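One structure is given below, encoded as structure tokens.
We did not get these values from a lab; they are worked out from the coordinates using the rules stated. Keep in mind that what you see is a predicted model, and the values were worked out from it rather than measured. For neighbour counting, all protein chains shown are included, and Cβ atoms are generated from backbone atoms with ideal geometry for every residue, glycine included.
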Amino acid sequence: MSISRGILPSQSQWNEFRNIKDPLNGLVLGVDIKVKTSILSLPELSTKRVDRLESILELHQQGLANSAIAEHFNRLGLRTPRNKSYTPKLIWVTLKKYKDRLNRFEDIEVTVSPPMFYVSAVSKTK
């Protein structure tokens, strides 16, 4: 099963899902969840930065060359995050890194084993 990163629950939600306890018999219903990915984490980007990256990608997909995109942004008076003007090489490397980032989001595989009952190792206290 392959899912996108946006669907993955938090660590605490996984732990709640993994150990559903039966309070009457001391049994634990457990599943093994394996997440396979080539990334450790992806920091969140600001909305302003994502909008800029999406607009560069959209212009590229419309068929504009890197130099045309750079000229367009400079004509609009847009500056880079480091307050410089855009160059074709900067557009190229920005596109490359953004496409690589999008590909890493898709490189997540989650495997869930069938549920099994286990005897709880924790002793009950009354």
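Between Leu64 and Leu45, what is the label-to-label distance in nm when each label sits 7 Å out along the Cα-to-Cβ direction?
Inter-label distance under the simple model: 1.6 nm.
Less than 12 Å Cβ to Cβ from Leu45, Lys/Arg counted +1 and Asp/Glu -1: what total charge do the surrounding residues give? Walk me through the numbers on the way to the answer.
Values: positive: Lys48, Arg49, Arg52, Lys97, Arg101; negative: Glu44, Asp51, Glu54.
Computed value for this residue: +2.
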